[in-house]
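Participant: Here you go, one structure.
The numbers here are math on the coordinates, done by the rules we state, and not lab data. This structure is a prediction, so every number in the text was calculated from the model and none was measured. Glycine gets a Cβ as well: all are built from the backbone with ideal geometry, and neighbour counts include every protein chain shown.
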Amino acid sequence: MNSAPLYGLVLAGGASKRMQRDKTSLVYHDRPQLELAFELLQQYCEAVWISVRKDQTGESGRARFPQIVDEPGVSGPLAGISAAQKAFPESAWLVLACDLPYVESGLFALLILHRDTRTAATAFRSAHDGLPEPLCAIWEPASAPLVEAWLAQDRHCPRRLLSAIDTTLLELPQGSALDNINTPAERDAALRALRNPSRKSG
C-alpha cells in the first residue's frame, strides 16, 4: 500500500497557563524547545509547520517558522491537527508537542519504521496508563474524517480519540520519553534529570 507523504507539525498553540511562561521558549538542551522540535521533525518529514493560534502568528518566537493557524472554535491539540489535515488532506502528519524535553530522534525513526498505513494512526502506548500518546504520533489521512466526527460531538481529547479508532500502538523504548512538562516544578525536575540521566523515571 502506498504511503501518503509525511509532513511534520509542531504543536505550539498552547497558552502555557500552568507554566506561567511560554513553553516553546524553554531551553532544556541548547536552544528553545520550539526550534529543537522543528529541527527534529525536519530530519524525517518532507515539510514541517508549527501550529499556532491566530493571535500568536506575529510573536517573535513563532513568526520565523512556517505556520498553520489552529482551527477556530476547537480547543487543545486537535485544533492544530484538524487545521493541518484540512490544509493538506492528502498528507499524513507526524505530530509533536513542543513540551516533550526527553524526546529523541530515535523515537521518530522507530515510529516511522513501524508506521502502519492500513490504520488511522500509529502511536506509542503510554508507559503510565497504557493509552495512546497522540502528541508524538503519525496521523494518516484516513484519520481526518474521524477527527472531524469527534469534534462534531464536542469531544476534544486526542488520546480518547486514538483509543476509539483503529490505531497501531507501539511500546515505548524508554518509559519517560514522552513525559510532558507543564509546571515550573516539572520544568526544574526535568532540567535536573537531563543533567543526570540516571535520575529519569522509567
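Participant: Looking only at residues in the stretch 124-174 that are charged (D, E, K, R) and out of contact with any Ser or Thr (no Cβ under 9 Å at 6 or more places or on another chain), which one is farthest from Phe108 (Cα to Cα)?
Facilitator: Once the filter is applied, the top-ranked residue is Asp154.
Participant: Follow-up. Need at least 3 residues that are closer than 26 Å to Asp116 by Cβ and under 16 Å from the mean Cα position of the chain (by Cα) per element, so show me which helices (runs of 4 or more DSSP H) inside the stretch 1-103 make the cut, counting only ones lying wholly within it.
Facilitator: 33-42, 77-87
Participant: For Pro89, which of the numbered conditions (1) surrounded by 14 or more Cβ atoms within 10 Å (Cβ to Cβ); (2) more than 25 Å from Thr183 (Cα to Cα); (3) touching a Pro at 6+ places or on another chain (Cβ under 8 Å) fails to hold?
Facilitator: Here Pro89 clears every test but (1).
Here's the yes/no breakdown for (1) touching a residue at least 60 places away in the same chain (Cβ under 8 Å); (2) basic (Lys, Arg); (3) touching a strand residue (DSSP E or B) at 6+ places or on another chain (Cβ under 8 Å):
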position: Glu148; (1), (2), (3): yes, no, no
position: Leu151; (1), (2), (3): yes, no, no
position: Asp154; (1), (2), (3): no, no, no
position: Cys157; (1), (2), (3): yes, no, no
position: Leu161; (1), (2), (3): yes, no, yes
position: Ser176; (1), (2), (3): yes, no, no
position: Arg192; (1), (2), (3): no, yes, no
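Participant: Contact list please: Cβ distance under 8 Å, first residue in the stretch 100-116 and under 15 Å from Leu41 (Cβ atoms), second residue in a helix (DSSP H, G or I) and aliphatic (A, V, I, L, M), pairs at least six apart or on different chains.
Facilitator: That search, which allows pairs on different chains as well, returns Leu100/Ala37; Val103/Ala37; Val103/Leu40; Ser105/Leu40; Phe108/Leu40; Phe108/Leu41.
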